[in-house]
Amino acid sequence: MNNRSVTFDIAQLFKDSWELFKRNMSPLLGGYLIAMVIISVSGAVYIGPLILSGPLVLGLFKMSRMAVRGESIEFSELFSGFQRFLDAFLANLIITIFTIAGSILCIIPGLLVGIAYMSTYLFMLDDKLAFWDAMEASRKMVMNNPVQWIILWLVLCLFNIVGVLACCAGLILTGPISLLVLTLAYDAERRAVIEVVAVPVEPSA
């Protein structure tokens, strides 16, 4: 990763995400709602959410990625993550295990694990990485700029807490917007990497 420090303009990230959400409200809102219903209903089988969450989250991130790129989104994209079921399932499983293990040791390590792997699914989509390589890519990116990612994570937590307090109904709104915010932040970090690599090195005298 690069040594350039990227500062997120969080207010602008939310503003841009809101505009993207308004332009793609039907598929993003509907997709998120359907995913939450499926995960909730699958809870009737104890391990249901653990099995389905990874592929569905990958599908939600793909919808978010398409919105950011200005592409037309179909509801069917929600289920596109099942085309990479094993990687999506294992990513969700390992991240869950790491987060629980970190939380058992202390709450803060558990939170840091969650932050480190926030962009895993985006690396799986963009770079076609397997679950572990995508997790490592996400961790390295976050560790390259930890303060900004922690601040962003805290803001997103507060944002979604507001959604939960609104009788959980608000979460249907804050959830897809949060995915857009994460996607835009990830793009900003990736652009910084490309810009640093593209800068020519001056030959030494």
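Brief remarks on what is shown
- Checking each residue in the range 1-35 for being in a helix (DSSP H, G or I) and of a type in the set (K, R) picks out K15, K22, R23.
So that you can scan it fast, the table gives a plain yes or no per residue for (1) farther than 13 Å from I177 by Cβ; (2) modelled with pLDDT of 95 or more; (3) surrounded by fewer than 19 Cβ atoms within 10 Å (Cβ to Cβ):
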site: S17; (1), (2), (3): no, yes, no
site: N24; (1), (2), (3): no, yes, no
site: M36; (1), (2), (3): yes, no, yes
site: S53; (1), (2), (3): yes, yes, no
site: M63; (1), (2), (3): no, yes, no
site: A67; (1), (2), (3): no, yes, no
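- In the range 36-83, the residues that are within 22 Å of W132 (Cα to Cα) and part of a loop (DSSP other than H, G, I, E, B): I47
- Criterion: in a helix (DSSP H, G or I), farther than 24 Å from F89 by Cα and β-branched (V, I, T) - qualifying residue of I161, I115: I161
- Test: residue in the range 170-189 that is within 14 Å of the chain's Cα centre (by Cα) and among the acidic types (D, E): yes
- Taken over the range 92-148, the criterion of being crowded, with 18+ Cβ neighbours inside 10 Å and either among the acidic types (D, E) or in contact (Cβ under 8 Å) with a residue 60 or more places away in the chain (or both) is satisfied by M118, S119, Y121, L122, M124, L125, M141, N144, N145, Q148.
- Some residue of the range 176-194 being basic (K, R), in a helix (DSSP H, G or I) and at pLDDT 95 or above: no
The values are calculated or read from the model by the stated rules, or taken from the named source; none is laboratory data. None of the values given here were measured: they were computed from a predicted structure. Neighbour counts are summed over all protein chains in view; Cβ atoms, including those assigned to glycine, are modelled from backbone coordinates with ideal geometry.
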